[in-house]
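One structure is given here, and the rest of the page talks about it.
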Amino acid sequence: MSAARGGWLALAGRVVVVTGAASGIGAAVAEGAARLGARVALLDRDGPGAARHAARLAAEGADTLALQCDIADEAAVAAAAARVERELGPADGLVNNAGMLRAGALGEVSLADWNAVLGVNLTGYLLCSRSFGAQMTARGRGSIVNIASIAACHPQTRSGAYSASKAGVLLLSRQMAAEWGPLGVRSNAVCPGMIRTALSEKFYEQPGFEQKRAAITASRRIGRPDDIADVALFLLSDRAGYVNGAELMVDGGMSSMLMDLVPRPGFNDTGAERQAAAA
């Protein structure tokens, strides 16, 4: 791991906190930061999972700290922030990534499930940003990266509060940029789309599913957690020093494909046209 330390992003020695770091995008961010020489705090409600990932990174020479933490619990977040500052140092960067989804149509989803999703996906981001952001504003520098979703801009039906929570993340991120930018802390959002993670893995067991999804992206492939991690690491670094209040869509160009999915005979080869030709 030492061979990759430093480099263009210059994160070596920085303290980076990642929530939801036991798997998926969070794990990829933690690994990427560690490989660049950052001191990484891995927070997750799955404490054993975070500890296992932290141990793997430590075995490669990284300085890590794994903490079990429910980010919807204000006291737990405050305790985690105090321990990170005590054991690794004050936070230089925070990646708000922990999230959850509880399915249900709007007319049917229980209020308990609705509030649980908002508690983690939105309120949890605020709690972490306030606790770790205070360490940044005290020193006049820092970067917060908020992982939202393409569902923040395009409603994901039958997914309860998920889209509403992610839309809230976008405005929360911009408000943090406006309020904390003068104090030296940047806040930006990343909107992943079409990323293959453990949460969506079961879908890919269906024959032809990956090909169908890839076909509606401009890049014609499904994204990996590393694709999001690389963007987050850039935003954490001083190379993104004038990027503040931004919302970056990282979806392989899927959000630019709407008109190409509309049948236009002679202009595009849509799924409907292919089915008609095969009939």
Those residues of segment 82-110 which are free of Cβ contacts under 8 Å to residues at least 24 places away in the same chain and within 22 Å of Val15 (Cα to Cα), in sequence order:
Ala82, Arg83, Arg86, Glu87
Meets criteria (buried (at least 20 other Cβ atoms within 10 Å of the Cβ) and at positive phi) for Gly142
yes
Matching entry among Arg224, Arg239, Arg196, Arg174 (being charged (D, E, K, R), under 14 Å from the mean Cα position of the chain (by Cα) and under 30 Å from Gly13 (Cα atoms))
Arg224
Members of segment 97-119 found to be out of contact with any helix residue (DSSP H, G or I) (no Cβ under 8 Å at 6 or more places or on another chain) and surrounded by 17 or more Cβ atoms within 10 Å (Cβ to Cβ), listed by number
Val109, Asp113, Trp114, Gly119
Return only the number of the condition from (1) modelled with pLDDT of 95 or more; (2) over 14 Å from the mean Cα position of the chain (by Cα); (3) farther than 25 Å from Val40 by Cβ that Leu261 does not satisfy.
(1)
Tell me which residues, restricted to segment 165-209, are free of Cβ contacts under 8 Å to residues at least 40 places away in the same chain, on the phi < 0 side of the Ramachandran plot, in a loop (DSSP other than H, G, I, E, B) and exposed (fewer than 13 other Cβ atoms within 10 Å of the Cβ).
Gln206, Pro207
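For every residue, the table says whether it meets (1) assigned to a helix (DSSP H, G or I); (2) more than 13 Å from the chain's Cα centre (by Cα); (3) at positive phi.
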| site | (1), (2), (3) |
| --- | --- |
| Lys212 | yes, yes, no |
| Thr217 | no, yes, no |
| Ala229 | yes, no, no |
| Gly245 | no, yes, yes |
| Met249 | no, no, no |
Hand me the list of helices (runs of 4 or more DSSP H) wholly inside segment 1-110 holding 1 or more residues that are of a type outside the set (Asp, Glu) and farther than 25 Å from Gly223 by Cα.
47-59, 74-87
In segment 6-22, how many residues are under 14 Å from Gln68 (Cβ atoms) and either among the polar types (S, T, N, Q) or surrounded by fewer than 24 Cβ atoms within 10 Å (Cβ to Cβ) (or both)?
1
Pick from Ala148, Ala161: which is crowded, with 21+ Cβ neighbours inside 10 Å, at pLDDT 95 or above and under 26 Å from Arg220 (Cα atoms)?
Ala148
Please indicate, with yes or no, whether at least one residue in segment 114-127 is under 17 Å from Val18 (Cβ atoms), of a type in the set (A, V, I, L, M) and not in a helix (DSSP H, G or I).
no
Against the condition surrounded by fewer than 24 Cβ atoms within 10 Å (Cβ to Cβ) and out of contact with any helix residue (DSSP H, G or I) (no Cβ under 9 Å at 6 or more places or on another chain), how does Ala78 come out, does it pass?
no
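The values are calculated or read from the model by the stated rules, or taken from the named source; none is laboratory data. Everything numeric here is computed off the predicted structure, so don't read it as measured data. For neighbour counting, all protein chains shown are included, and Cβ atoms are generated from backbone atoms with ideal geometry for every residue, glycine included.
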